[in-house]
Amino acid sequence: MESPSCPQCYAQVLGTRFKLLRQADTTQSQKSSRFVTAQSPEFTFACGNLRIARIALDVPVAKLFDYRIPESLHLAAGDCVWVPFGRSARLGIVVGLALRSELPLARLRSVLGPCESVPRLGSDWLGFMSFLAQYYQRPFGQVAAACLPPRLRRAQPLKSGGGESSSPPLSERPRFLAPHPLTEAQRRAVDRIASAFGRFQPFLLHGVTGSGKTEVYLHLISLAIARGCQALLLVPEIGLTPQLEARVRSAFPAARIALLHSGLQARPRSEAWLAAARGEAEIVLGTRLAVLAPMPRLGFIAVDEEHDSSFKQQEGLRYSARDAAVARARAIACPVVLGSATPALETWHNALAGRYERIELPERAAAGARLPEIRTVDLRADPPRAGIAPTAIEAIATRLAAGEQSLVFVNRRGYAPVVCCDACGWAAGCRRCSAHLVLHAPPACLRCHHCGAREAVPRACPVCGNVDLRPAGRGTQRVEEALLRLFPRARVIRFDRDSARRRRHFALTLEAVRRGEGDILVGTQLLAKGHDFPALTLVVVLDADRSLRATDYRAPERLFATLLQVAGRAGRRDQPGLVLVQTRLPGHPLYAALAAHDYAAFAATQLEERRAAGFPPFVHEALLRAEADSLEAALSFLRRAARLVPVPPGVRAYDPVPRLVSRKAGRHRAQLLFQSDSRPRLQRHLAALGEALGDRAPGSVRWHWDVDPIELE
Ligand code: ADP
Ligand code: ZN
Ligand code: ZN
């Protein structure tokens with residue numbers, strides 16, 4: 001037993017957790033400061049000498065702040081406190097206690113008081129935050145303190161909830177109502193994963209759509225709860241999949257389930273967060289941000305549809321919730337399951353290398369359910385009318401006659417992606433972004449999908465005066481219009497981000513479609529995820545080829561995942577489903593792999609291409625991104641930044657380039673790519689460069705890191 005009674009024996013007292021925090025601190029140019037993570041309140045009481053609290057605040061400065069602790073207050077690492085900052089009070093997290101500060105004691109301001117509604121945050125959570133701060137090159141305070149729900153940070157603290165919580169006695173643990181007896185394959189998966197309770201082991205649960213992955217998670221959650229643990233289930237977009245929440249609730253009718261996603265109102269969100277943090281919620285179900293919630297008894301993590309790009313946050317702390325989930329599982333020694341029909345190539349690569357254990361669910365779970373048949377429709381031989389090939393029109397008509405539903409998939413919302421002038425070649429563009437304006441109708445208007453700008457449709461071409469402006473290409477609204485014309489008696493329902501703006505309305509419409517209302521659904525990606533439509537037997541995919549021509553090397557991976565997921569909507573029960581993919585490239589290997597439902601073959605060719613080209617997952621990447629009033633300012637900032645610290649051997653730095661959308665909302669954007677075969681080397685270089693850059697940037701320049709970037713826009 002270490003005896004933490006004397007402030008002289010820091011190193012002894014601190015142990016491994018201190019090292020973690022200390023490291024984070026070092027990267028933030030605080031090398032000289034020493035601090036103590038007191039892990040037990042006894043320690044704080046015993047050592048009256050430590051009257052300085054080192055506090056993490058959500059402010060854009062890479063350091064921790066020292067405050068004096070008033071006599072009456074006993075603090076320990078992980079406590080949330082109110083402190084004065086400038087002229088306002090802020091909520092901060094105590095990360096350590098110290099004997100000395102760089103400032104004389106008399107100049108330190110005092111802690112105002114504890115934030116009683118937030119329980120003491122555990123050292124494993126602080127360690128996890130510290131890991132994220134280091135990995136994603138962001139100040140610790142902006143990671144940890146930024147995790148506190150906005151409502152708690154801003155307003156009066158909620159009423160006190162009684163701090164520490166203990167796990168409920170066994171008899172009171174909520175019952176589990178298994179929806180179905182498990183199939184052989186599901187049983188094996190559950191047993192295998194459950195055997196890893198209590199230790200770190202990542203699993204890839206690779207199962208075709210409808211193979212019963214969700215039920216595997218539910219069983220594992222019940223086992224975790226039976227062990228007195230909390231379980232975390234991450235999903236891509238929960239507000240849009242109310243069905244999943246309903247499934248979890250009916251499997252655990254008496255459990256406390258905390259729902260966490262950014263669409264929640266401030267109050268339910270902070271209540272759910274507190275329920276997680278106090279250990280009261282047995283299950284936390286949420287989107288990427290849920291991975292950041294403190295959970296003192298966390299013992300099992302599942303990430304559903306782990307390949308989904310919405311797990312990557314694209315602003316602030318640019319973390320991947322999937323990777324963070326694995327890091328968190330490692331830190332607390334518990335199993336983590338990544339589930340998907342089309343795993344991210346990074347994940348697949350990890351499984352092939354043996355870092356993740358792969359478990360296959362090769363068949364659909366429900367008795368008699370078969371995978372849909374996937375066929376290409378050659379648009380060269382079968383020229384489309386209003387974007388839809390005669391073969392597809394006929395297939396829809398057959399479903400209509402049989403009273404079955406069809407889904408037409410178009411991955412663009414709006415009426416037409418461009419409005420242009422055939423006489424001179426002009427196309428309507430956004431004034432503030434390097435992007436075309438999208439035509440929306442009715443009432444007709446032009447909108448920018450990057451900055452949200454709206455404009456009236458010009459009556460004539462502003463360049464040549466031609467009054468015949470033409471919408472080019474097709475979005476969901478235009479396809480809806482075409483379908484209504486082709487099938488005047490059909491009930492056509494459109495789903496996209498515009499029609500889903502009101503969540504409740506969206507949920508009700510989904511429910512109605514599930515009951516069999518609606519004949520033809522037109523939808524984007526939104527419809528691809530996790531919805532189960534029993535009467536849907538046909539899926540028509542309109543413009544898949546576009547992704548194959550994209551410059552982004554991840555486009556084929558995303559296309560394959562989306563198409564297989566959309567295909568998974570067809571024929572969920574006893575009716576076999578049919579998927580028609582319209583294309584001008586019917587011989588493309590991607591479509592052949594798709595038709596064979598052969599993810600492994602697809603992944604093998606993609607990985608080979610990436611290996612040859614030197615792309616991730618064969619190298620590690622990070623971007624230094626800058627934006628400024630002019631492109632030249634952004635580029636020259638990056639050029640100078642690149643020279644601040646010599647690039648060490650084993651790390652490659654490329655020339656700064658404008659981003660794909662080089663201007664967004666009036667700001668010019670550029671980026672500088674770093675690559676390395678060695679993650680630690682890359683990390684060290686980023687940290688050194690970050691330190692050299694400091695907190696300042698010249699003039700209008702703003703910069704940030706994006707580690708493991710996925711969007712190349
Ligand atoms: P996935 O998450 O892999 O897409 P789900 O767990 O949603 O699969 O299951 C797909 C369908 O199969 C659901 O309708 C579910 O109720 C059903 N199902 C899952 N497991 C079983 C089982 N063991 N027996 C019968 N039906 C099952
Ligand atoms: Zn013109
Ligand atoms: Zn714009």
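The numbers here are math on the coordinates, done by the rules we state, and not lab data. Owing to the predicted nature of the structure, the values given are computational and were not obtained by experimental measurement. Glycine gets a Cβ as well: all are built from the backbone with ideal geometry, and neighbour counts include every protein chain shown.
Around the Cα centre of the chain, unit charges on the Cβ atoms of Lys, Arg, Asp and Glu (plus for the first two, minus for the last two) sum to a dipole of about 1580 debye. Evaluated over the chain, the count of Lys pairs having alpha-carbon atoms less than 23 Å apart is 7 (only pairs 8 or more residues apart or interchain).
The distance separating the Cα centre of the range 665-713 from that of the range 503-542 comes to 41 Å.
Counted residue by residue at 0.36 nm each, then reduced by the alpha carbon distance between them, the extension gain from Arg497 to Ala401 reaches 31.6 nm. Each of His180 and Arg330 was given a label point 7 Å from its Cα along the Cα-to-Cβ line. The distance between the two points is 3.6 nm. Separation of the range 201-243 and the range 589-639 by C-alpha centroid, Å? About 29 Å separates the Cα centre of the range 201-243 from the one of the range 589-639.
Note on Ser700 and Ser310: the model spin-label points, each 7 Å out from Cα along the C-beta direction, lie 3.4 nm apart.
Taking one quarter of the surface of the C-alpha convex hull of the chain gives a mean projected area of 33.6 nm². Across the range 643-705, counting alpha-carbon atoms alone, Rg and Dmax equal 13.1, 38 Å. Of the residues Ser211, Ser676, the one with the fewest other Cβ atoms within 10 Å heads the list, and the complete ranking is Ser676, Ser211.
Computed across the range 625-666, the Kirkwood hydrodynamic radius from all distinct Cα-Cα pairs reaches 11.4 Å. A helix-only calculation puts the chain at -9000 deg cm²/dmol for mean residue ellipticity at 222 nm, using -39500 (n - 2.57) for each DSSP H run of at least four residues, averaged over all residues. Sorted on the mean count of surrounding Cβ atoms within 10 Å across their residues, most packed first, peptides 626-636, 335-345, 603-613, 321-331 read 335-345, 321-331, 626-636, 603-613.
The label point for Val657 and the one for Leu99, both projected 7 Å from the Cα toward the Cβ, are 5.4 nm apart.
Inter-part distance, the range 271-302 to the range 346-383, computed on C-alpha centroids, equals 31 Å. Based on the convex hull around the alpha carbon atoms, the range 351-500 presents an average projected area of 15.0 nm².
Beta bridges per DSSP, both residues in the chain: antiparallel share near 50 percent.
Taking every alpha-carbon pair in the range 240-290 and binning the separations at 5 Å intervals from zero gives 5, 22, 30, 27, 15, 1 percent. Listing Asp191, Asp468 from fewest to most neighbouring C-beta atoms within 10 Å gives Asp468, Asp191. Each of Lys63, Lys213 has some number of other Cβ atoms within 10 Å of its Cβ, and from fewest to most they run Lys63, Lys213. Run a plain Debye calculation on the range 274-373 (Cα atoms as equal point scatterers, no solvent) and give log10 I(q)/I(0) at q = 0.10, 0.13 Å⁻¹, rounded to two decimals, same order as the q list. So the normalised log intensities work out to -0.34, -0.55.
Take the Cα pairs of the range 528-621, get the Kirkwood Rh, then feed it into Stokes-Einstein at 25 °C and 0.890 mPa s and tell me D in µm²/s. This corresponds to a translational diffusion coefficient of 170 µm²/s.
In the range 305-401, a dipole from Cβ-located charges (positive for Lys and Arg, negative for Asp and Glu) runs towards its positive end, and of Ser340, Pro362, Ala321 it is Ala321 whose Cα lies farthest in that direction. Legend: calculated FRET efficiency, Val418 to Ala604, from the Cβ-Cβ distance at R0 = 35 Å, rounded to 0.05, equals 0.45. How much net charge surrounds Gly699 when only the other residues with a Cβ under 12 Å from the Cβ of Gly699 are counted, with Lys and Arg +1 and Asp and Glu -1? So the environment of Gly699 carries a net charge of -1.
In plain terms, the chain from Glu511 to Arg188 could stretch by 113.0 nm, reckoned as 0.36 nm per residue minus the Cα-Cα distance.
Between Asn466 and Ala444, take the C-beta separation as r, use R0 = 22 Å, and let me know the FRET efficiency to the nearest 0.05. In this case the efficiency is close to 0.80.
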